[in-house]
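Scroll down for the structure; my scribbles are underneath it.
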Amino acid sequence: MRLIIIAAAVLALSGCGEKNIAEEINKTSQNVINSIEKKASEAGEISQKAEEAMNSIAQTTLEAKQTVEKTLQEAADTSRDILQKANETLSNISAKADKITNESANTIEAVKQKADDAAKVITAPLTNADKGKKLFMTCMPCHGAKAEKSAVNKSQIINKWSKEQILNALKGYKDGTYGGAFKAQMIPTAKRLSDADMEELSAYIVNLGKQ
């Protein structure tokens, strides 16, 4: 409006005609109006672009927020799965460790029991048969494993004797009242025997003849 007034004043001073002045005023006014409308249109476009930009920023922000939330949720899920698997693995390891420990304890106990049993066997008193068998070990080279041989093919087969015959022969060897060609060999052996040893050895040899 201020521009229109200035334009009118300029035209009046210039001495133009009244018609010309009106035309110029109208022209100038239209130019001003056009300029204002253009500026308004540009301002509207700017406002619209600004609004679009704000909407775009808001949309991008929302998408970014959703992406972050999704990523955080996936990370939480992954962490939970890892923790669960770790707990399961630890549980399995613990169970296996307990099993190995129990099996080891059982094995150790079994070995200990066997060792105890072996010790009992070793330290247990010999039975009469065991003692007789042990004493007979010195007789086996000449008389055979079951006293079934004739010593040097000259002695009698002693597993066919009675217990009294064997016992009397052993006592005779020991006191020197019994024996023939092999007397010198038998005396040292008999002298190492106690009366109880002779009893057990005689009983063992008689039993060999029954096997």
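Observations, loosely collected:
- Taking each residue of segment 158-186 that is in contact (Cβ under 8 Å) with a residue 40 or more places away in the chain and looking for partners that are among the hydroxyl-bearing types (Ser, Thr, Tyr) and part of a helix (DSSP H, G or I) with beta-carbon atoms closer than 8 Å, six or more apart or interchain, yields 163/202; 166/202.
- Search result, residues across segment 184-211 that are among the hydroxyl-bearing types (Ser, Thr, Tyr) and buried (at least 18 other Cβ atoms within 10 Å of the Cβ): 202, 204
- Qualifying positions in segment 148-157 - without any contact (Cβ under 8 Å) to a residue 12 or more places away in the chain and among the hydroxyl-bearing types (Ser, Thr, Tyr): 150
Residues checked against (1) at pLDDT 80 or above; (2) in contact with a helix residue (DSSP H, G or I) (Cβ under 8 Å, 6 or more places away or on another chain); (3) closer than 30 Å to residue 197 by Cα; (4) of a type outside the set (A, V, I, L, M):
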{"position": "30", "(1), (2), (3), (4)": "yes, no, no, yes"}
{"position": "34", "(1), (2), (3), (4)": "yes, no, no, yes"}
{"position": "73", "(1), (2), (3), (4)": "yes, no, no, yes"}
{"position": "91", "(1), (2), (3), (4)": "no, no, no, yes"}
{"position": "97", "(1), (2), (3), (4)": "no, no, no, no"}
{"position": "108", "(1), (2), (3), (4)": "no, no, no, no"}
{"position": "113", "(1), (2), (3), (4)": "no, no, no, yes"}
{"position": "120", "(1), (2), (3), (4)": "no, no, yes, yes"}
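The values are calculated or read from the model by the stated rules, or taken from the named source; none is laboratory data. All values reported here derive from a predicted model rather than from experimental measurement. As a convention, Cβ positions derive from the backbone with ideal geometry for all residues, glycine included, and neighbour counts pool all protein chains shown.
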